[in-house]
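Asks: Pasting in a structure now, in structure tokens, and then I'll have a few things to ask.
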Amino acid sequence: MKIASITSRYLLGLLFTVFGLNGFLNFIHQPPPPNPLAIQFLTAAFASHFAAFFFAVQLLGGVLLLSGYFVPLGLTLLAAELYNIIAFHLTLGPGIAVGLVGCVLWVLVFIQYRESFKGILSPKPAPVSTTEA
């Protein structure tokens with residue numbers, strides 16, 4: 001399972017690093033989506049420069065996974081990105097396969113790092129007590 005997790009971490013990191021860079025450098029040309037609402041959404045996101053935030057988070061999350069440093073932070077950032085990708089493709093865009101592949105890779109990496117998320121997934125975490133000296 002460890003080999004699958006490491007391989008998934010590199011694949012997911014590479015996927016998001018490449019597509020994050022593509023958002024800034026536009027080296028992978030994509031045809032416009034067939035849905036007119038998707039075109040309006042993407043036009044507004046790019047015209048307002050809001051898309052730069054999407055791509056910056058993708059790039060940062062991908063680089064964190066590739067580097068092996070702050071992997072739980074990278075997973076947290078990419079979870080939000082994957083949610084947006086899935087939501088976009090379920091409501092506006094064609095095809096959900098890439099989003100589902102990303103989700104499967106994310107889960108495989110998450111399983112390896114699940115201890116780092118122990119406090120986040122606790123329904124009632126214990127507060128940190130501070131002592132005054």
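The values are calculated or read from the model by the stated rules, or taken from the named source; none is laboratory data. Given the structure is predicted, the values throughout are model-derived calculations rather than measurements. A quick note on method: Cβ atoms are made from the backbone with ideal geometry, for glycine too, and the neighbour counts reach across all protein chains shown.
Asks: Out of the range 43-52, which residues are surrounded by 11 or more Cβ atoms within 10 Å (Cβ to Cβ), free of Cβ contacts under 8 Å to residues at least 12 places away in the same chain and closer than 17 Å to Leu21 by Cα?
Replies: Listed by number, the residues that qualify are Ala45, Phe46.
Asks: Out of everything in the range 105-133 that is of a type in the set (A, V, I, L, M) and farther than 16 Å from Leu12 by Cβ, what residue ends up being surrounded by the fewest Cβ atoms within 10 Å (Cβ to Cβ)?
Replies: Initial filter on the range 105-133 (of a type in the set (A, V, I, L, M)): 105, 107-109, 111, 120-121, 126, 128, 133.
Right, trim to farther than 16 Å from Leu12 by Cβ and you get 120-121, 126, 128, 133.
Numbers: Ile120: 9, Leu121: 8, Ala126: 7, Val128: 5, Ala133: 3.
Ranking the candidates gives Ala133 first.
Asks: Would you mention how many residues in the range 105-133 are free of Cβ contacts under 8 Å to residues at least 60 places away in the same chain and either over 19 Å from the mean Cα position of the chain (by Cα) or assigned to a helix (DSSP H, G or I) (or both)?
Replies: Of the residues in that region, 20 qualify.
Asks: Just name the residue that is farthest from Leu11 (Cα to Cα) out of those in the range 88-104 that are touching a residue at least 12 places away in the same chain (Cβ under 8 Å) and outside any helix (DSSP H, G or I).
Replies: Restricting to residues being touching a residue at least 12 places away in the same chain (Cβ under 8 Å) and outside any helix (DSSP H, G or I), the top hit is Leu92.
Asks: When Ser67 is evaluated against the numbered criteria (1) more than 15 Å from the chain's Cα centre (by Cα); (2) modelled with pLDDT under 95; (3) closer than 23 Å to Phe117 by Cβ, which criterion, by number, is the only one it fails?
Replies: Condition (2) is where Ser67 drops out.
Asks: Pick from Phe46, Phe88, Phe50: which is modelled with pLDDT under 95 and either out of contact with any helix residue (DSSP H, G or I) (no Cβ under 8 Å at 6 or more places or on another chain) or of a type in the set (S, T, N, Q) (or both)? Step through it out loud before you land on a result.
Replies: Values: Phe88 fails: either out of contact with any helix residue (DSSP H, G or I) (no Cβ under 8 Å at 6 or more places or on another chain) or of a type in the set (S, T, N, Q) (or both); Phe50 fails: either out of contact with any helix residue (DSSP H, G or I) (no Cβ under 8 Å at 6 or more places or on another chain) or of a type in the set (S, T, N, Q) (or both).
The match here is Phe46.
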